[in-house]
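Data block below; observations after.
The values are calculated or read from the model by the stated rules, or taken from the named source; none is laboratory data. Note that the structure is predicted; figures quoted are calculated from it, not measured. Here the Cβ positions follow ideal geometry from the backbone for every residue, glycine too, while neighbour counts run over all protein chains shown. Quick note on the areas: whole protein, heavy atoms, side chains included, nothing else; ligands and nucleic acids left out. Shrake-Rupley method; radii C 1.70, N 1.55, O 1.52, S 1.80 Å.
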Amino acid sequence: MTCPGRRHVLETFTAPGSFGDGEVLMSRFHPAGERLPLVVVFHGVHGCADPSPGEKYGDLGRFLAEEGIGCVLAESSRKRRDRRIFGDDRAGWAVAAFEGKTFLQELADAASALDRVSALWPASPLWIWGFSLGGLLGMLLAGRAAGPLLGRKEFSVPHLRGLVLAGSGDSLKQGREDQTRLPVLDSLPEQRWLHEAARNLSGIRLGAFRGTKDETFTQGACRRLVDLAPLPEPDRFYQELEGVDHAFRTLNGEPSRQPLRAMIRRLLPWWT
């Protein structure tokens, strides 16, 4: 459909999913006069990639489209997709929608999404942009660790040009370990897999952001994934956003889309 007042078309499709309803829901923002590349976005754990206006990922897709950058949102497979009825009960939502799902199934969904995008747009250079857990999935995929973890002899991302991490670290802050009792998080791989993936990065660009109000990952946990990457300095950076929370939804405690716009501004020189 054409979205009034916006210079883009929004189209939806699916990829095979590993759990629950068996589908990865995909939403593509296709701007008029699209520039390269095509950015594939992975949400955080138990997240929803709703393309509607006013939703974080939907707004991110629109902001990218305004700059002429194509974007695909990938929402992983789950038992149900009615997040709103749970209100602030995040743990209740996580159990209801994801109970029984493992981290490797979440990784398989991300791999399936990339397979589908690569098949549909084989000539498009791809970027992965992952938020929190989505960034860890992106690191494992970009760093050639997904194949061994998933039992696939080889897995590569065709035409991958870069990886963006938003609030992604290699270990949780002290005192946040209770989160690992929730589905998906209760089966995280050993830290060494992330470190190996970071060391394997080559021929791409790597950007990483963290909000100074992040209560999930420390600066050290986020920086390590960048510092381990054997990429030249012009092709990697780490940036802290002052006053921004882990989810990049608030600025100094107030709801704001400025964190999303700030990240896009930093990345545009790489994309245009």
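Among the residues of the range 226-249, those that are buried (at least 17 other Cβ atoms within 10 Å of the Cβ) and in a strand (DSSP E or B) comprise ARG236, TYR238, LEU241, VAL244, ASP245. Residue under question is ARG223, and the condition is that it be under 22 Å from LEU141 (Cβ atoms) and either open to solvent by 30 Å² or more (accessible area, probe 1.4 Å) or of a type in the set (Lys, Arg) (or both); does it hold? Judged against the criteria, ARG223 is a match.
Which one of GLY138, GLY211, GLY162, GLY169 is touching a Phe, Trp or Tyr at 6+ places or on another chain (Cβ under 7 Å), open to solvent by less than 40 Å² (accessible area, probe 1.4 Å), small (Gly, Ala, Ser) and in a helix (DSSP H, G or I)? So that I can check it myself, show each step before the final result.
Values: GLY211 fails: in a helix (DSSP H, G or I); GLY162 fails: in a helix (DSSP H, G or I); GLY169 fails: in a helix (DSSP H, G or I).
Of the residues listed, the single one that is touching a Phe, Trp or Tyr at 6+ places or on another chain (Cβ under 7 Å), open to solvent by less than 40 Å² (accessible area, probe 1.4 Å), small (Gly, Ala, Ser) and in a helix (DSSP H, G or I) is GLY138.
Looking at GLU34, GLU55, GLU75 in this structure, which one is within 19 Å of the chain's Cα centre (by Cα) and over 20 Å from GLN258 (Cα atoms)? The conditions single out GLU75.
Would you say ALA198 is of a type in the set (Gly, Ala, Ser), surrounded by 15 or more Cβ atoms within 10 Å (Cβ to Cβ), modelled with pLDDT of 95 or more and not in a helix (DSSP H, G or I)? Steps first, please.
Working: of a type in the set (Gly, Ala, Ser): yes; surrounded by 15 or more Cβ atoms within 10 Å (Cβ to Cβ): yes; modelled with pLDDT of 95 or more: yes; not in a helix (DSSP H, G or I): no.
No: the conditions fail for ALA198.
Find the residue count for the range 48-92, including only residues that are under 23 Å from ALA166 (Cα atoms), among the hydrophobic types (A, V, I, L, M, F, W, C) and surrounded by fewer than 20 Cβ atoms within 10 Å (Cβ to Cβ). Result for the range 48-92: 2. Restrict the check to the range 43-59 and report whether at least one residue is touching a His at 6+ places or on another chain (Cβ under 6 Å) and more than 25 Å from VAL95 (Cβ to Cβ). Within the range 43-59, not a single residue is touching a His at 6+ places or on another chain (Cβ under 6 Å) and more than 25 Å from VAL95 (Cβ to Cβ).
State the number of residues belonging to the range 93-106 that are open to solvent by less than 30 Å² (accessible area, probe 1.4 Å) and acidic (Asp, Glu). Count: 1.
Within the range 107-135, the set of residues being of a type in the set (A, V, I, L, M, F, W, C) and open to solvent by less than 20 Å² (accessible area, probe 1.4 Å) comprises LEU107, ALA110, ALA111, ALA113, LEU114, VAL117, LEU126, TRP127, ILE128, TRP129, PHE131, LEU133.
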